[in-house]
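These notes are about the structure you will find just below.
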Amino acid sequence: MNIALVLSGGNGTRAGSSRPKQYVEAEGKPAIAYCLAVFEKCGDIDAIQVVADENWHGYIRKWAGSRFKGFSSPGDTRQLSVLNGLADILRYADRSDTVIIHDAARPFVTDGLISACLDACRCHEGAMPVLPAKDTMYLHDGSRIASLVDRSRLCAGQAPEAYILGKYYDANAALLPDRIRDINGSTEPAVLAGMDVALVPGDEGNFKITTAEDLERFRRKCRERQCV
């Protein structure tokens, strides 16, 4: 069984909108609706769990399909939200199943990227899509360059990220109560636990809505899709 865990609990408005970015609408649909539709149509996905504040449950249900299983409560941090979702999923799924975690503010995830992550989990304990570093990278000491970095060994992580459910839940639970609050990315607990995480090619179009420029890019791409 493959379960999608869609994170929609954030309240960030850095994109310059009056509502959280995942609920900003373009062409009549919010960002979360676009990514939910992809998971709903993906033949590799059996169930969808959504982390969201209760105030938005009714709104989200309008866009949820037949594979939607339920809501999980947001945590104080992104990774605590992930842990809440994992705990709820374990009530109806097996530890040997696969969970694939995605941000509702990444509306243009593709069926191919989802399948690539899930396929990698057949031979590995986790998978993360990555993009190569484009710029020259340096380490600094706060005021000057301290050392050079081999750019060929650097990559930028994206979502969705897929993991073996039970092992990944244990990796997160092991960081309670305090260390989990310092986690910035979903793959960090897996790496800290020594899980075998494979890399799959990322997708430039799978961007996250963070800034006002991202929001305009989202709206523009939705308009373009409507014209096709």
Paramagnetic reach from D196 in region 111-130 [backbone N under 15 Å; point 7 Å along Cα→Cβ]: 119-128
Dipole magnitude of the chain about its Cα centre, charges +1 at Lys/Arg Cβ and -1 at Asp/Glu Cβ only, in debye to the nearest 20? 620 debye
Provide L80, L192 in ascending order of the number of other Cβ atoms located within 10 Å of each residue's Cβ, fewest first. L192, L80
Within a 10 angstrom radius of the beta carbon, how do Y23, Y59, Y169 rank from fewest other beta carbons to most? Y59, Y23, Y169
Got a sec? Which residues in region 187-215 would a label at R153 touch, if it sits 7 Å along Cα→Cβ and we count backbone N under 13 Å? none
What lysines sit close enough to K69 to cross-link, taking a C-alpha to C-alpha distance under 30 Å and skipping anything fewer than 8 places away on the same chain? K21, K29, K41, K167, K208, K221
Size of the dipole of region 47-100 about the Cα centre, Lys and Arg at +1 and Asp and Glu at -1 on the beta carbon, nothing else charged, in debye to 20? 220 debye
Residues meeting the amide H criterion for V200 (H placed from the backbone, H to H distance under 5 Å, 5 or more places apart or on another chain) are M128, V130
Which Cα, out of A156, N55, N184, lies furthest along the positive dipole direction of the chain (beta carbon charges, K/R +1, D/E -1)? N55
What value, in deg cm²/dmol to 500, does the helix sum -39500 (n - 2.57) over DSSP H runs of n ≥ 4 give at 222 nm once divided by the residues of the chain? -9000 deg cm²/dmol
Region 123-162 - Rg and Dmax from Cα coordinates, angstrom: 13.9, 44
I want to check the label-to-label distance for D141 and R19. Put each point 7 Å from Cα in the C-beta direction and report it in nm to one decimal. 5.0 nm
When Rg is the radius of gyration of the Cα atoms in the chain and Rh is its Kirkwood radius, what does Rg/Rh come to? 0.97
Rounded to one decimal in nm, the spacing of the 7 Å Cα→Cβ label points at E213 and C123 is 3.8 nm
Using only the Cα atoms, work out Rg/Rh for region 111-210, with Rh taken as the Kirkwood radius, to two decimals. 1.02
Hz values of 3J(HN,Hα) by residue in region 195-210 - Karplus curve (6.51, -1.76, 1.60), Gly and Pro given as x: 5, 7, 10, 8, 9, 10, x, x, 9, 4, x, 8, 7, 9, 6, 10
Stretched out fully, how many nm does the piece from Q226 to N11 gain, at 0.36 nm a residue minus the Cα gap? 74.6 nm
When DSSP beta bridges are limited to those with both residues in region 1-98, what percentage is antiparallel, rounded to the nearest 5? 15 percent
How big is the charge dipole of region 180-228 about its Cα centre, in debye rounded to the nearest 20, if each Lys and Arg gets +1 on its Cβ and each Asp and Glu gets -1 on its Cβ? 380 debye
Just to check, using Stokes-Einstein with a Kirkwood Rh over alpha carbon pairs, what's the diffusion coefficient of region 29-80 at 20 °C and 1.002 mPa s in µm²/s? 183 µm²/s
State, to one decimal in nm, how far the label point of E40 lies from the label point of T77, with both points 7 Å from Cα in the Cβ direction. 3.4 nm
Starting from the Cα gyration tensor of region 1-133, multiply each eigenvalue by 5, take the square root, and state the resulting semi-axes largest first in whole Å. 23, 17, 15
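A short reminder: the numbers here are calculations on the coordinates, not readings from a lab. In this text the structure is predicted, and so the values were computed from the model without any measurement. All Cβ positions, glycine included, derive from the backbone under ideal geometry; neighbour counts span all protein chains shown.
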